[in-house]
1. Got a number for residues in the range A:159-187 being in a loop (DSSP other than H, G, I, E, B) and among the basic types (K, R)?
2. Return the pairs, sorted by first residue and then second, in which the second residue is surrounded by fewer than 21 Cβ atoms within 10 Å (Cβ to Cβ) and aromatic (F, W, Y), the first residue lies in the range A:221-241 and is touching a residue at least 60 places away in the same chain (Cβ under 8 Å) and closer than 30 Å to A:L42 by Cα, the beta carbons are less than 9 Å apart, and the residues are 6+ apart or on different chains.
3. Just the residues that are more than 15 Å from B:W394 (Cβ to Cβ), open to solvent by less than 30 Å² (accessible area, probe 1.4 Å) and more than 18 Å from the chain's Cα centre (by Cα), please, taken from the range B:315-327.
4. List the residue pairs whose Cβ atoms are under 9 Å apart, where the first residue sits in the range B:165-178 and is closer than 22 Å to B:V137 by Cβ, the second is of a type in the set (K, R) and open to solvent by less than 10 Å² (accessible area, probe 1.4 Å), and the two are 6 or more positions apart or on different chains.
5. In the range A:251-275, which residue that is crowded, with 24+ Cβ neighbours inside 10 Å and under 19 Å from A:A50 (Cβ atoms) is nearest to the other protein chains (Cβ to nearest Cβ)?
6. Please work out which one of (1) without any contact (Cβ under 8 Å) to a residue 24 or more places away in the chain; (2) more than 27 Å from B:N121 (Cα to Cα) is the condition B:P365 fails and give its number.
7. I'd like the full set of residues that are closer than 14 Å to B:G178 by Cβ and part of a strand (DSSP E or B), limited to the range B:305-339.
8. Quick one: count up the residues across the range B:128-137 that are out of contact with any Asp or Glu (no Cβ under 9 Å at 6 or more places or on another chain) and more than 9 Å from chain A (Cβ to nearest Cβ).
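The values are calculated or read from the model by the stated rules, or taken from the named source; none is laboratory data. From a predicted model like this one, the values you see are computed outputs, not experimental measurements. Neighbour counts run over all protein chains shown; Cβ positions are idealised from the backbone, glycine included. Accessible surface is based on the protein model in full, side chains and every heavy atom, while ligands, DNA and RNA are left aside. Shrake-Rupley method; radii C 1.70, N 1.55, O 1.52, S 1.80 Å.
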2 protein chains.
Amino acid sequence: MVLADRLDRLGTETAFAVSLAASEWAAKGNRVYPFHLGDLNLPTPPNVVAALDRAIAAGKTGYCPAAGIPELREALADDVGQRRGLGYEPGNVVVQPGGKPVITKFVQAVMNPGDEVLYPNPGYPIYESQIEYFGGVARPYRYLPDESGFRIDLDHLRSLVGPATRAIVYNDLQNPIGAESTDAERQAIAELAQRHDLWVLSDEAYFEMRYSGASTSIASLPGMRERTVILYTFSKKFAMTGWRLGAAIGPVEVAETIAKLNTNDESCTTHFVQHAGVEALRGDQSATVGVLDVLRDRRDACIDALSATRGISVHRPEATFYLFPDVTEAMATKGIDDVSRFAAAALHETGVSFCTRRHFGRPQPDEERQYVRFAYSGIDEDDIVEGLGRLRSWLGPS
Amino acid sequence: MVLADRLDRLGTETAFAVSLAASEWAAKGNRVYPFHLGDLNLPTPPNVVAALDRAIAAGKTGYCPAAGIPELREALADDVGQRRGLGYEPGNVVVQPGGKPVITKFVQAVMNPGDEVLYPNPGYPIYESQIEYFGGVARPYRYLPDESGFRIDLDHLRSLVGPATRAIVYNDLQNPIGAESTDAERQAIAELAQRHDLWVLSDEAYFEMRYSGASTSIASLPGMRERTVILYTFSKKFAMTGWRLGAAIGPVEVAETIAKLNTNDESCTTHFVQHAGVEALRGDQSATVGVLDVLRDRRDACIDALSATRGISVHRPEATFYLFPDVTEAMATKGIDDVSRFAAAALHETGVSFCTRRHFGRPQPDEERQYVRFAYSGIDEDDIVEGLGRLRSWLGPS
């Protein structure tokens, strides 16, 4: 039996192979330090769980509207709008089973086959996959290292825009590299989008996952609200990754289109989980502050250890829970010229498991430096210190 | 800002307009009897809810595998296989956020643009929508009334098959008409599929929603297992519509393809809901028997009342929770020639709310009789008797 041709264009998250390798290594009796997981090993706030139980007891176990329950759409309009200085209404909000479905639904809603879509690379691999799956041309833009971290190569980005360009995916507070735009950089992207009449998918999964300063949404810049769809997720801030709750927030016509896609795809997002989401947004926030406190300590422990390791150069992002160290020299020290083999060697020599740049979109031909991604969301501080101590013993002190 | 052209091909469930009309009529202070809902007004079994709570307490709140947790895939392989006389393995099973997502993912997995797909009409409207949305040609097959209910017009169905036919959607135990194939009819469809090398989507949402006899899956007929994808849902049997839990069960290559689509779309189905699903399948079954007992009584109350009403002709299906009465004479009695206006008149004169044939796929040009759909899953027996009593007063006794 033959499958459909479109599947040849479907990508995936190759990082799952890293999880598999780590599991197999652990199954052989080895200690593994999991820096590869973009997941949280922290509990969901108890008031959110209690709200779920109340909703089930109240019979919220049947179907609900495809766009989401009115209370949650209103709570999201209030919360997301207020944090961004924007006046959203419930009609701008369409609830999703997670943040990720916003990617495929945005692509389906705005892009025709043959259209070009600009996307960050390295970046979340599903952007590239969904643009190509639905017949678009995925055009990667790149980041350059600078003294404070990474910046978008704006000249290169501008050179990619042509008559077929329809949209740009923008992930300020970036996975995997932890970059954050300066105001000038964000403004430059907004100007580009307006000059060329582009739609913008603003992936704001990490908007509130920051340790100092304040986030700015590109949707709040003049002229941007009407062309921007925000990807919102409950996953990180509320430690709800496995609950699958998120939303697309943007112009009403896009929200209505995405609601119609919901009707065709999953009908609605789990009913009682949406009531828990209302509590997450409107209820007691003390547990979410605790999540950030824990993550800040982990970040600092990671930076301290990696900075003290030979051949590793790393910046200190003020947002996300990712580090994107340059390991070019460390690889040279070990005589390894392939970053996948470097990661495998690190796992087998030290138990430290991490993803590499190759898990975040197809590498570009002009890349010279080698990078890996450390996620510190799924590993406790003691294990961070122990695991990265082993890594330092293997690579040597700096 | 312009949206994508593909949206012109996207259909929807127009039945939501019936819910809206009923709500608006109720909001004006009128009593409404809801026969339009394909939802259950019954609680989820308490042991299933308790399993969800245990899973959350055990920390099952993070991501889980895209294809589903191993325990649920195994429980589904065992349960679905055993009930159908088939030996499925966990690798044949891919968990979904509901039964409905199996439709879009089946279409994406097996159908190329320009391929023709046969589908039942009247039938669940998302078949038609998703075939056309992904660029296929939706070719409706039809049912003919007979003494015991409805049968598929097999000669017509055979006449639709051509070189471009790629797949057939088959919904034995049918929504909206409540039809069930004879063994001969099911065998004829299996032979057609094999002769023309067609994929089969077997929508088995109502496989266990029956009051007597036993269901047979087309997947269990010789030569069918390797070309059939079963749509399984927890929604009906366990009163879990709003939980969003289902599965696609079929050949390993299709299951793996659908898992890759999961990775791109929703990442995974809500983690702790999957643990509740294991309890639903493996735990105490007493509550599910109660669901069927309640529904049988409701069915009988509906049949008694409708059979006693002038101009309404209805069969007694042994499965599903739908009735599909012929109202041609009732409409003539009232001098109404449009079935939508008949439904609106019934709502405003009696409070009885129901869907019509038009909510289940585009009507075909040769249709002469008028049908409506009564769902008795969302209305208690007392209200059935009261509401259909009013309908009888309006139309007269038979």
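1. 0
2. A:S235/B:Y63; A:T241/B:Y63
3. Scanning the range B:315-327 gives a single hit, B:D326.
4. Correct list of pairs: B:Y170/B:R186.
5. It comes out as A:T270.
6. (2)
7. B:S313, B:A319, B:Y322, B:L323, B:D326
8. Number satisfying all stated conditions: 2.
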